[in-house]
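Notes follow once the structure below has been shown.
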Amino acid sequence: MWNTVTTLLKDKLPFVLYRLPNTEELVLIAQKDSTLHFALSFKDEGFIFAPFDFKKKKVLLKPDTVLNFKVNLEPLANKVSSTKPNFDQETKERYKGLIANAISEIKNGKLNKVVLSRSITVDTKKSHSDIFQQLLSKYNQAFCYWFFHPEIGTWMGATPERLLGFTNNKLTTTALAGTIPVEDGKKPFWTNKEIEEQNMVTEFIEASLTPYCKELNISETKSYRAANLWHLKTNIAAEIDGEEKLPLIIEGLHPTPAVCGLPKSIAQTFIATNEGYDREYYTGYLGSLNLEKDKMDLFVNLRCMQLKGNKATVYVGGGITESSVPEKEWEETVNKSLTMLAVL
């Protein structure tokens with residue numbers, strides 16, 4: 001398998017290598033040429049790689065080659081790192097200032113929530129193959145992927161959040177929000193801030209799905225561990241009223257309040273005006289389209305990084321509400337960064 005990937009990289013041919021959560025099978029999708037394709041509809045076949053900005057085109061890898069491999073890597077313990085990365089004070093104060101600005105907008109009634117992010121670029125001596133194998137070994141419960149296209153670049157991630165699963169007119173999705181670090185031997189304690197943030201996401205998804213569903217089932221909200229972090233997670237299942245409604249559902253869901261905010265359009269404008277960089281594919285979505293008839297698995301592109309030579313750019317963010325505290329929100333992004341930095 002690794003020889004196949006090495007050959008694809010040498011020939012600069014687009015591919016994605018991925019593993020679904022809690023499975024031992026790797027799927028390789030590769031193109032026979034370097035053409036940059038875009039998804040025209042959700043009836044297309046292949047692997048979709050969509051940016052955060054829904055107005056921009058969604059990349060589609062054509063499934064000229066589809067291979068399945070059994071992977072049996074020795075699992076690595078998901079221990080909380082005691083060593084946190086060093087950040088200069090200017091970076092910290094700039095991010096905290098951005099948060100304070102957002103809180104002010106929320107208190108003025110313009111926003112209910114907004115998700116603010118930042119990027120961290122570090123050096124790494126590891127090969128891309130070694131980094132990906134570390135992701136696979138360390139984050140078995142996540143959707144792990146390695147994406148390459150000569151015109152897009154190299155992205156990797158281990159995301160805990162499903163955007164949408166679909167088969168036989170049945171749909172599943174997840175509301176995932178609220179973040180606190182894992183402490184050995186301690187159960188997670190959720191404050192009103194995290195509970196409020198989770199409720200916003202769940203209610204948004206429910207409102208987005210209701211017009212298109214025959215029935216909607218929402219699970220109890222539970223604590224969910226993803227690597228060194230706890231989240232609040234609610235599973236949502238629905239039967240949609242006709243497959244033709246699927247594009248409307250996906251367009252309604254993306255970007256969710258877990259990566260953007262509420263109201264969606266105002267939050268998007270605030271992010272574009274204030275974040276100061278282009279998220280590109282971070283907080284977009286990705287996954288397989290119709291490799292099996294009328295079936296798709298889409299995930300939100302969180303806990304990810306972009307690789308360029310010996311440089312890795314890691315992306316992290318957090319949900320800001322009226323009860324947010326800038327120092328704590330900064331710490332949350334530091335804790336989230338450890339997921340990717342731990343393998344570099």
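What follows is calculated from the coordinates using simple rules that are stated; it is not laboratory data. Worth saying up front: this structure is predicted, and the values here are computed from it rather than measured. No Cβ is skipped: glycine too gets one built from the backbone with ideal geometry, and neighbour counts run over all protein chains shown.
General remarks:
- Shape analysis of the stretch 13-58 yields a ratio of the Cα radius of gyration to the Kirkwood radius, Rg/Rh, of 1.00.
- By the Kirkwood approach, averaging reciprocal distances over each pair of separate Cα atoms, the chain gets a hydrodynamic radius of 20.5 Å.
- Computed from the Cα positions only, the extents of the stretch 126-265 along the three principal axes stand at 48, 43, 30 Å, in decreasing order.
- In this simple spin-label approximation, L291 and K186 carry label points 7 Å from Cα along the Cα→Cβ vector, and these lie 4.0 nm apart.
- For a straight C-alpha distance cut-off of 23 angstrom, the lysines reachable from K96 (same-chain residues fewer than eight places away being disregarded) are K84, K107, K110, K113, K193, K264, K328, K336.
- Ordering of 209-220, 26-37 by packing [mean C-beta count within 10 Å, highest first]: 26-37, 209-220
- Whole-number D in µm²/s for the stretch 220-334 (Stokes-Einstein; Kirkwood sum over Cα pairs; 10 °C, 1.306 mPa s): 94 µm²/s
- Long-range tail of P(r) for the stretch 90-204 (Cα pairs > 25 Å, %): 49 percent
- Helix-only mean residue ellipticity at 222 nm for the chain, each DSSP H run of n ≥ 4 adding -39500 (n - 2.57), per residue, nearest 500: -8500 deg cm²/dmol
- Peptides 63-71, 194-202 ordered by average Cβ neighbours within 10 Å, highest first: 194-202, 63-71
- Segment N72-K107, extension gain: residue separation times 0.36 nm, minus the distance between their alpha carbons: 7.5 nm
- The amide H of C213, built 1.01 Å from its N in the peptide plane, has D241 as neighbours under 5 Å, considering only residues 5 or more places off or on other chains.
- Judged by the mean number of other Cβ atoms found within 10 Å, the most tightly packed of the peptides 166-175, 12-21, 311-320, 235-244 leads the ranking 311-320, 12-21, 166-175, 235-244.
- Extending 7 Å from the Cα toward the beta-carbon at both E220 and L248 defines two label points whose distance is 3.5 nm.
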